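The values are calculated or read from the model by the stated rules, or taken from the named source; none is laboratory data. Keep in mind it's a predicted model, so treat the numbers as computed, not measured. Cβ placement follows ideal geometry from the backbone for every residue including glycine, while neighbour counts extend to all protein chains displayed.
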Amino acid sequence: MTLTRLLPQALSVLAAAVLAASLPALAQDKPTEIKLAHWVPANHLLATTGFIPWGQSIEKASGGSIKVTIYPAQQLGKAPDHYDMARDGIATVAYVNPGYQPGRFPIIAAGELPFLVDKPGPASQALDAWYRQYAEREMKDVKVCLTHLHVGTLHSKAPITDPAQIKGMKIRPANGTVGAMVNVLGGTAVQLSAPEARDALSKGVADAITFPWNSIISFGIDKVTTFHTDMRLYAAVFVWAMNKDWYDGLSANQKKVMDNHCNNEWAAKVGAAWGDAEDAGREKLVAMGGHTMVPMSKAQIDNWKKAVAPVYDQWTAGAGKLGLDGKKALDDLKAQLAKTGGAY
């Protein structure tokens, strides 16, 4: 056989080899599934603006080797159990409110302090960037994917304008930090998860609730509260916790896909998409009629800030007991918030 006849065949083999080498390694990855567990309703804004787009993006980026199945509304376990569900592999990724277990995750509770944050997207970006240095220490049982927050206020059966009114009231707080604030003001914190809140209000177990705006509607709490204190009172922080063994078993390419979806960019994206949509719920309540937005002057808010200041002291002291410089840690968080534009 002549060289002239061999050349086309050799070129063909070479071309095939080059093509094979250039094919995405994702095609060789073993199929796997993310069981994503959360406790909000299936049609909740966080699902439509966060979980679903995140899952779709992962499936596309992985070439279909990572499938995402979402289990909403506490299908795999109660809301306070989601951290342990991710740790134990009941869920691959779980949506965690650290504040549902007061005292267990004291460092991240800094993000929940009253009158600390404003815009949820930039604030989520700041919180996520700040917490990454502490995540492995405080949540070592899981791989923290991302952290974000929303902003909320008081919703009640009668108008609340002054911190002195909290004395003697039973209030469902969003988390342990807000619970501490209620106690500082002389009220009783009735610690319940969001899915339990409406029932507590309707039965008189609680007189008021701290909640973000649109979730008042999606959880049906608009039926049992009609007064809404119009201020940026507090934040609730959230973590998407991932099972470590599942992550460790991924291929290098699949790990890269997950790393690209467990970063500060996605934290900011989820925080903005959900947080802004929550804030838009205020105008929905106005349009519904029968709801009163209780106005707050700067002087009134300054009075609230002064009244809740001891909660900051409690967090700083608690951080000190963990061996942290509490003041520096809090100053670092405030600097991040100022940098992103998420500060109150």
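Brief remarks follow.
- Residue pairs meeting the criteria (Cβ under 9 Å; at least 6 apart or on separate chains; first in contact (Cβ under 8 Å) with a residue 60 or more places away in the chain and part of a strand (DSSP E or B), in the stretch 63-86; second surrounded by fewer than 17 Cβ atoms within 10 Å (Cβ to Cβ) and not polar (S, T, N, Q)): Ile66/Pro31; Ile66/Glu33; Ile66/Glu59
- Which listed residue is more than 24 Å from the chain's Cα centre (by Cα) and farther than 26 Å from Gly121 by Cα, from Ala309, Ala317: Ala317
- Summed over the stretch 28-56, residues that are in contact with a Phe, Trp or Tyr (Cβ under 7 Å, 6 or more places away or on another chain) and surrounded by fewer than 22 Cβ atoms within 10 Å (Cβ to Cβ) total 2.
- Hey, Glu265 without any contact (Cβ under 8 Å) to a residue 12 or more places away in the chain, under 17 Å from Ser124 (Cα atoms) and surrounded by fewer than 16 Cβ atoms within 10 Å (Cβ to Cβ) or not: yes
- Residue list for the stretch 120-134, restricted to those being surrounded by fewer than 22 Cβ atoms within 10 Å (Cβ to Cβ) and either within 18 Å of Asp84 (Cβ to Cβ) or touching a strand residue (DSSP E or B) at 6+ places or on another chain (Cβ under 8 Å) (or both): Arg132
- Listed conditions (1) touching a residue at least 24 places away in the same chain (Cβ under 8 Å); (2) surrounded by fewer than 19 Cβ atoms within 10 Å (Cβ to Cβ); (3) more than 19 Å from the chain's Cα centre (by Cα) are all met by Glu59, apart from (1).
- Beta carbons closer than 6 Å, at least 6 apart along the sequence or on distinct chains, pair a first residue in the stretch 298-318 that is among the aliphatic types (A, V, I, L, M) and surrounded by 17 or more Cβ atoms within 10 Å (Cβ to Cβ) with a second that is modelled with pLDDT of 95 or more and assigned to a helix (DSSP H, G or I) for Ala307/Pro163; Val308/Met181; Val311/Ala180; Val311/Met181; Val311/Val184.
- Check on Leu116, within 13 Å of the chain's Cα centre (by Cα), under 30 Å from Asp313 (Cα atoms), buried (at least 17 other Cβ atoms within 10 Å of the Cβ) and among the aliphatic types (A, V, I, L, M): no
- Only one entry of His38, His44 meets the criterion of being within 30 Å of Met181 (Cα to Cα) and modelled with pLDDT of 95 or more, and that entry is His38.
- Selection status of Gly290, farther than 15 Å from Leu116 by Cβ, surrounded by 14 or more Cβ atoms within 10 Å (Cβ to Cβ), of a type in the set (Gly, Ala, Ser) and in contact (Cβ under 8 Å) with a residue 60 or more places away in the chain: no
- Checked against (1) within 14 Å of the chain's Cα centre (by Cα); (2) over 16 Å from Lys244 (Cα atoms), Cys145 passes all but condition (2).
- Residue count, the stretch 169-188 (criterion: assigned to a strand (DSSP E or B) and surrounded by 22 or more Cβ atoms within 10 Å (Cβ to Cβ)): 2
- Among the candidates Ala319, Ala267, Ala277, Ala329, residue that is farther than 24 Å from Arg104 by Cα and of a type outside the set (D, E, K, R): Ala277
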